[in-house]
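Please read the structure below before turning to the comments.
The values are calculated or read from the model by the stated rules, or taken from the named source; none is laboratory data. Owing to the predicted nature of the structure, the values given are computational and were not obtained by experimental measurement. Cβ atoms come from the backbone with ideal geometry, glycine included; neighbour counts cover every protein chain shown.
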Amino acid sequence: MIGWTLRAAVASQCLDALVVSTDSPDIAAVAEAFGVPVPRLRGEGLATDDAAVADVIVDALSWFEDDYDAVVVLQPSSPFRRPETIQSVIETYESEPGVSVVTVGPVEKPIAWLRRLTDAGELADPGLSAPDGLRRLNGSMYVAPAKHLIDTRSLYTTPTRGFAMDDPIESLDIDTPADWLLAERCADHREAP
């Protein structure tokens, strides 16, 4: 799936530099086959499930001699983003530099179906009085000011802009085995960038 992300990044033609951070020699080989450098494999401290994404990005920034104004994170677990979406997210960031942009996707089920399960096993209203405009973070793309990220270890500024990715396939985030099965099916029926 990293190939889909790398194809879209290269095809977007709007990123000044691309780099892949990984602890996997296999993923590094795929990245390099797409012409994207992997300056070194991640150290053990940054190669755990508990490693903070911000720490991984700050480490990757240290590989560059140049300073960059912004960092764009394209997580491979959201492989179906399109090059034109990357361009649009960058344009949104550039319209208000210094304010992070994070992609969000549709909430797949009606909010009216949500209930909170109490400790007693009873269903209760979740207290969502204004469901209009609710979106879920989809993990596809983050754009943040580099200095802010380094100083705060956060991809979020105050405020942070949301960028709606309304296509449920483009917004697909692979977090579970069921998501993986859906992604495989989508990949069979969707043209790669």
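All of (1) at pLDDT 85 or above; (2) not in a loop (DSSP other than H, G, I, E, B) hold for GLY121 with one exception: (2). If the condition is being loosely packed, with under 14 Cβ neighbours inside 10 Å and either in a loop (DSSP other than H, G, I, E, B) or touching a strand residue (DSSP E or B) at 6+ places or on another chain (Cβ under 6 Å) (or both), then region 140-152 contributes no residue at all. Within region 21-49, the set of residues being of a type in the set (Gly, Ala, Ser) and either in contact with a strand residue (DSSP E or B) (Cβ under 6 Å, 6 or more places away or on another chain) or touching a residue at least 24 places away in the same chain (Cβ under 8 Å) (or both) comprises SER21, ALA31, GLY35, ALA47. Please verify whether GLU170 is buried (at least 19 other Cβ atoms within 10 Å of the Cβ) and of a type in the set (Asp, Glu), treating the condition exactly as stated. Criteria met by GLU170. The set of residues from region 153-193 being in a loop (DSSP other than H, G, I, E, B), under 14 Å from the mean Cα position of the chain (by Cα) and closer than 26 Å to GLY98 by Cβ comprises SER154, LEU155, TYR156, MET165, SER171.
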